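Here the structure comes first, spelled out in C-alpha cells, and everything after it is commentary.
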Amino acid sequence: MSLSLQSPLSSALSSRSSFLQKGGGGGEGRLRLLSGSLSSNSIFFKLHNPSFPQIRASSLDAGASTELDAVSSLSEIVPDTVVFDDFQKFPPTAATVSSSLLLGICSLPDTIFRSAVDTALADSGCSSLENDVLRLSCFANKALVNVGGDLSKLVPGRVSTEVDARLAYDTHGIIRKVHDLLKSYGEIDVPPERLLFKIPATWQGIEASRLLESEGIQTHLTFVYSFVQAAAAAQAGASVIQIFVGRLRDWSRNHSGDPEIEAALKRGEDPGLALSIDALIQVTKAYNYIHKYGYKSKLMAAAVRNKQDLFSLLGVDYIIAPLKVMESLKESITTPDEKYSFVRRLSPHSAAAYSFSEEELIKWDQLSLASAMGPASVELLAAGLDGYVNQAKRVEELFAKIWPPPNV
Ligand SMILES: O=C(CO)[C@@H](O)[C@H](O)[C@H](O)[C@H](O)COP(=O)(O)O
C-alpha cells in the first residue's frame, strides 16, 4: 500500500490553529526545547543583595556582564522554549518531545517537524495493525520518535522522550514502551546515548527507571514534588530528576490553612511571590542527598516562574527557566561588584555538611515512599499525570480523525 506524505494533517487541523496562543502552565501546544548554559566559567558569589541595580544592555561596558552570565556560572540554565523563533535567541542544546509538542506541531500549518508527524501517519507497520488502539498508539510512538529524531539533529545534547503517562503505574509496561521507542529510534539511527526517557516518578516509574538504567538506558524522572521521591529516584540511578518547585509553591498558596503560609502572611510576606518554605526544603534536601551520597543523578528545577525563584535555587544542577525570565536575565547587566550579589545556595560543599535523619536515609520502597510523600506531592503527581494522560489521548483522537489519509 502506498501512502501519501502530503501533509494529511492539514485539512483535519485547519480549525486548530490557536494552540500556541493558549500558553499557561504546561499548556497544550507549547513547544518546549531545553537549551544549555551560555557560560561555563565558575564564579562563586558570596553576598546577597536582592535589590541590586539593573542596567539595560545598551549601557554595557567593559567588565560588566549580564545576570544570565552570572547565574549560568552557578547552575545550568535551561530555557523553556515555547516557539520556534526562540531558537535564534537561545539556541537549544537539548530537547523534550511530548504529546503536548505533537499537539503544538499539528496545530501549525507549516513547521519543520510537520513532515515527521506525516511520515509517522504513513508508517506501513502501524497502518497494518488491525486493532485500533494498537494502531493509534503505534502512530503516536512513531510521531514522537520522528520528531525526536529531527530534534536530535538540531540540538547537540540529549532528547528526552515522554513515556505514555497511562503506564505510570505499570513498571513492565513502561519498560516495554521504552524498548519500543528505542528500537524505533535505532531504525532512524539515533543512538541511545543521545536519548533520555521521561517517566513519571510513581513508585512503578522509579522501578522502571532502575531496571532501564541497569541496561544502560538513560531515564528522566518527572513529576517529582518531594524529597522522598527524589531520594528514591536517586537510589534507582535516574539520570535526571525533575522537581517542580513553582507548583509546590502554588499548592501551598492554595491551601491557606497551611500554618507555614499563615505564618508567612503574618510576617507580611507574599507566599505567591517567594518560593514556599516547603518547596525550598524539598529541593535543598533532594540536591544535598544526591550530592552528599555521590548519586549520578542531576537535579533539574522546573516550574520556575520569576527571577526570584531562580535566584533562590542557584547551584542546583539545571534550572528550566521560562523565556521571559531568560530575556530579563539577559537584559540585566551586572558590574563586577554586583556579581557578588548572587548567592550559591546549593553546592557539593554545603551538601556534604547537611545532616539527614535516619528515617530519610532508608532504602526507599513502595510502602515507605507512599507513606512519606505527603499531600502536596500526592495531589500534584496525580494532577500532572492527568494532564499528560489527557494530552496523550488527544493526540490519538486527532490521529484517529485523520487516518487513513484521504488519498490512500
Ligand atoms: O518538563 C519540561 C521539559 O522537560 C518543561 O517544559 C516543564 O514542562 C516546565 O518547565 C514546567 O512544566 C513549567 O511549569 P508549569 O508552569 O507548567 O507549572
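The values are calculated or read from the model by the stated rules, or taken from the named source; none is laboratory data. Please read these numbers as outputs of a predicted model, since none were measured by experiment. Cβ sites come from the backbone with ideal geometry, for glycine too, and all protein chains shown count toward neighbours.
Numbers at a glance
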item	result
Residue in the stretch 107-115 that is surrounded by 21 or more Cβ atoms within 10 Å (Cβ to Cβ) and of a type in the set (A, V, I, L, M) present	no
Given (1) surrounded by 22 or more Cβ atoms within 10 Å (Cβ to Cβ); (2) under 15 Å from the mean Cα position of the chain (by Cα); (3) within 13 Å of the ligand (Cβ to nearest atom), number of the condition Ala238 does not satisfy	(3)
Failed condition for Asp317, given (1) among the charged types (D, E, K, R); (2) within 16 Å of the ligand (Cβ to nearest atom); (3) out of contact with any strand residue (DSSP E or B) (no Cβ under 8 Å at 6 or more places or on another chain)	(3)
Lone qualifier among Asp170, Asp164, Asp180, Asp189 - being at pLDDT 95 or above and on the phi > 0 side of the Ramachandran plot	Asp189
Residue match in the stretch 226-233 (condition: closer than 17 Å to Ala94 by Cβ and modelled with pLDDT of 95 or more)	no
Close pairs (7 angstrom Cβ cut-off, 6 or more residues apart or separate chains): over 19 Å from Val316 (Cβ atoms) in the stretch 229-252, modelled with pLDDT of 95 or more and crowded, with 23+ Cβ neighbours inside 10 Å anywhere	Ala236/Ile206; Ala236/Ser209
Flag for Gly157 being within 16 Å of the ligand (Cβ to nearest atom) and touching a residue at least 40 places away in the same chain (Cβ under 8 Å)	yes
Looking only at the stretch 130-144, and only at residues there that are hydrophobic (A, V, I, L, M, F, W, C) and in contact with a Ser or Thr (Cβ under 9 Å, 6 or more places away or on another chain), the one that is farthest from Trp403 (Cα to Cα)	Leu144
Only listed residue being free of Cβ contacts under 8 Å to residues at least 40 places away in the same chain and either farther than 23 Å from Ala382 by Cα or surrounded by fewer than 16 Cβ atoms within 10 Å (Cβ to Cβ) (or both), chosen from Leu129, Leu151	Leu129
Which numbered condition Glu397 fails, given (1) within 16 Å of the ligand (Cβ to nearest atom); (2) out of contact with any helix residue (DSSP H, G or I) (no Cβ under 6 Å at 6 or more places or on another chain); (3) within 24 Å of Leu167 (Cβ to Cβ)	(1)
Residues of the stretch 297-313 that turn out to be more than 10 Å from the ligand (Cβ to nearest atom), assigned to a loop (DSSP other than H, G, I, E, B) and either touching a Cys at 6+ places or on another chain (Cβ under 9 Å) or over 20 Å from Ala231 (Cα atoms) (or both), as a count	2
Boolean, Ser184 is of a type in the set (S, T, N, Q), in contact with a helix residue (DSSP H, G or I) (Cβ under 7 Å, 6 or more places away or on another chain) and buried (at least 18 other Cβ atoms within 10 Å of the Cβ)	yes
